[in-house]
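A short write-up of the structure that comes next.
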Amino acid sequence: MNALLSRCLAVLALGVMMPVLASDFPTRALTMVVGFAQGGSTDTQARVLATVLSEQLRRPVTVLNVPGAGGGAAAAMVASSQDGGYVFQFGSSASFGVTPLLMHTPFNIDSFVYVASVSRNQFAFVTGAKTGIRDWPSMVQALRRHPGQIYATQSAQDRLIIQHIARQEGLDLRIVPTTGGAGSNPLVLSGEAWLAFGGGSHTDFTDDGRMVVLASLDERRLMGYDDAPTLRELGYGVAVKSLRVVAVPANTPAAHIEVLARALEAATTDARFIEITVHRIRQPVFFRRGHELRAIVQREADEFSRLQASMNAR
């Protein structure tokens, strides 16, 4: 991750050296850092959001993909920025609150200001049509009969959850890391991975039956998938309230944060953003900012800290 961080910072070095005046923000192009590869749901949503923000801010907003560590590589880059909000991250709240609990990172939850959330993640466990499995109990039974099957993971967060479930159910899984939906989806569609974490891009494959949503990782059942039970309903005692958020380094001037927050609030009412968010990746629009948003990010971190402690105690 250090080499990747160095390369990305070099790309932005000229911008970092330019003076930043709060009263004029923004005076030049901005960079939206996305912690997953191109083609996944975060990247897809980010590119529409960048287009709308470019119009709101009257400056170009360029998307820079920095995949790795479930958004952690991107967060490390953004946390070290001295660019006053011209470089910001868009992605899952777990990248900021949960990732530092699960691996060594050069940042923590207080390394950022959480400008605003724009939607609520609809995390799921999914399978492909080739497995012939259509519900969670059938998946558990199949995995017991056939140990060593692949689970495609996208982050340390979902890995901890599936390890918790595997321990409770006595499952033997082969956990294979991927760089978001772009890496996970081919494994699921081919049948190579029997089970996978779905961060949002799975919605492109469920209407025609190529993928099946088996369970919701959210506190409630998922938008458009009312028949998939939550993990709490299934008896696993865990749930994720995770948001898609924009974060800037903690040293960002308050005036810059205010400008970004107002632009993001306007973007969440834009028809193009609603189309990609609600109808394409099936996430409810969810705008929050300030202390309320910070509290949600902390709550997500606390939930996983408890789960981590429980796993370590066994």
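Values in this text are rule-based calculations from the coordinates and carry no lab data. Keep in mind that this is a model prediction, so the values were computed, not measured. Cβ: placed from backbone, ideal geometry, glycine included. Neighbour counts: every protein chain shown.
Once you have the Cα-Cα distance between Ile175 and Ser190, take 0.36 nm times their residue separation minus that, and quote the gain in nm to one decimal.
3.7 nm
Using a Gaussian network model on the chain with a 10 Å cutoff between Cα atoms, which of Gln141, Gln283, Gln89 fluctuates the most?
Gln141
Rounded to the nearest 500, what is the chain's calculated 222 nm mean residue ellipticity when only DSSP H runs of at least 4 contribute -39500 (n - 2.57) each, over all residues?
-12000 deg cm²/dmol
Output the peptides 269-281, 215-227, 29-41 sorted from most to least packed, where packing is the average of other Cβ atoms within 10 Å over each peptide's residues.
Put in order of decreasing packing, that is 29-41, 215-227, 269-281.
For the chain, what is the percent of antiparallel DSSP beta bridges, rounded to the nearest 5?
55
Looking only at Leu264, Leu143, Leu195, which one moves most when the chain is put into a Gaussian network model with springs between Cα atoms under 10 Å?
For the chain, modelled as a Gaussian network with Cα springs under 10 Å, the answer is Leu143.
Out of residues 5 or more away from Leu214 or on other chains, whose amide H comes under 5 Å of its own, with H placed 1.01 Å from N in the peptide plane?
Here the answer is Phe125, Val126, Thr127, since their amide H atoms fall under 5 Å of that of Leu214.
Multiply the residue gap between Ala255 and Glu219 by 0.36 nm, knock off their C-alpha separation, and tell me the result in nm, one decimal place.
This chain segment gains 9.5 nm when fully extended.
How far is the Cα center of the stretch 214-281 from the Cα center of the stretch 17-92, in Å?
Computed from Cα coordinates, the inter-centre distance equals 17 Å.
For the modelled label position 7 Å from the Cα of Asp302 along Cα-to-Cβ, which residues of the stretch 215-242 have backbone nitrogen atoms closer than 14 Å?
241
What residue among Val118, Val140, Val245 has the largest mean-square fluctuation in a Gaussian network model of the chain, using Cα springs under 10 Å?
Between Val118, Val140, Val245, it is Val140 that shows the largest mean-square fluctuation.
With the Cα gyration tensor of the chain giving a ≥ b ≥ c as the square roots of its eigenvalues, does the rule (a/c under 1.5 for rounded; else a/b larger than b/c for prolate; else oblate) give rounded, prolate or oblate? Walk me through the numbers before you get to the answer.
Values: a/c = 1.96, a/b = 1.70, b/c = 1.16.
Since a/c reaches 1.5 and a/b is larger than b/c, the shape of the chain is classed as prolate.
Could you give the spread of the C-alpha atoms of the stretch 124-216 along their three principal axes, from largest to smallest, in whole angstroms?
Extents along the principal axes: 32, 27, 22 Å.
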